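The next block holds one structure in the form of structure tokens; read it before the comments.
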């Protein structure tokens, strides 16, 4: 299709099939995600944050996200939380209360994002952003970041393997820093060359910055609509705590 590029070919993590959140239109899920994030950021009451954490746990239950994947994601977050607990409680008299509030906030936000976004594929997210009138350049940036971050990681691994085959052993000396500087420079150079090739190929296919997507039909049944209304009502209730 002239002037368009289809982004629905990207591979994704498997989505939980048949879950309640999977049936919600993507733009509605994004709005719900932003609403939860806004509440987590604005509310300072410990009780309100506890309610938001419980709310996020309910969302996880409605999403059908596998518990193993959930715990794996939380482990990365809890590493930061652990460092927080090792320092903040000793910094002030209210350190424990502050650390508790931050911990609840982090888990509430992360669980909500995982529940809502892991039931949505990348094309659906990009389509939802377009429907919500996000700038087209921002949508394109998100698309290409997701599409090529894995390519850059593989390129970095290849360069690092070639260095190891030539006898490179990292240590804390000037030679190691120089070698890593060369690695970063080579990675940037190869990324630039690849971006030029990709951009030329896109122009030859008529790309002009406009995206087209497969149509994702998500029709809410009456029970699902009522559940969604209850979710929003509970979120509004958290604001009043």
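The values are calculated or read from the model by the stated rules, or taken from the named source; none is laboratory data. Here the structure is a predicted model, which is why all the values come from computation and not from measurement. Glycine gets a Cβ as well: all are built from the backbone with ideal geometry, and neighbour counts include every protein chain shown.
Per-residue answers, yes or no, for (1) modelled with pLDDT under 85; (2) in a helix (DSSP H, G or I); (3) in contact with a helix residue (DSSP H, G or I) (Cβ under 7 Å, 6 or more places away or on another chain); (4) not assigned by TED's automatic domain parsing to the domain that holds residue 33:
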site	(1), (2), (3), (4)
167	yes, no, no, yes
184	no, yes, no, yes
189	no, yes, no, yes
193	no, yes, no, yes
200	no, yes, no, yes
230	yes, yes, no, no
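State all residues of the stretch 43-56 that are touching a residue at least 24 places away in the same chain (Cβ under 8 Å), more than 18 Å from the chain's Cα centre (by Cα) and part of a helix (DSSP H, G or I); if no residue qualifies, say none.
46, 47, 48, 49, 50, 51, 52, 53, 55
Residue-by-condition table, conditions (1) in the same structural domain as residue 145 (by TED's automatic domain parsing); (2) more than 27 Å from residue 145 (Cβ to Cβ); (3) at pLDDT below 85:
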position	(1), (2), (3)
20	no, yes, yes
26	no, no, yes
44	no, yes, yes
50	no, yes, no
85	no, yes, no
102	no, yes, no
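Which of the numbered conditions does residue 137 fail, given that it passes all the others? Conditions: (1) in contact (Cβ under 8 Å) with a residue 24 or more places away in the chain; (2) in a loop (DSSP other than H, G, I, E, B); (3) loosely packed, with under 13 Cβ neighbours inside 10 Å.
Among (1) in contact (Cβ under 8 Å) with a residue 24 or more places away in the chain; (2) in a loop (DSSP other than H, G, I, E, B); (3) loosely packed, with under 13 Cβ neighbours inside 10 Å, residue 137 violates only (2).
List the number of the failed condition for residue 146; all other conditions in (1) under 30 Å from residue 34 (Cβ atoms); (2) surrounded by 14 or more Cβ atoms within 10 Å (Cβ to Cβ); (3) free of Cβ contacts under 8 Å to residues at least 12 places away in the same chain hold.
Of the numbered conditions (1) under 30 Å from residue 34 (Cβ atoms); (2) surrounded by 14 or more Cβ atoms within 10 Å (Cβ to Cβ); (3) free of Cβ contacts under 8 Å to residues at least 12 places away in the same chain, the odd one out for residue 146 is (3).
Can you pull out every residue in the stretch 62-103 that is closer than 21 Å to residue 22 by Cβ and out of contact with any helix residue (DSSP H, G or I) (no Cβ under 8 Å at 6 or more places or on another chain)?
Within the stretch 62-103, 66, 67, 68, 69, 71, 72 qualify.
Mind counting the residues in the stretch 63-110 that are assigned to a helix (DSSP H, G or I) and in contact (Cβ under 8 Å) with a residue 12 or more places away in the chain?
24
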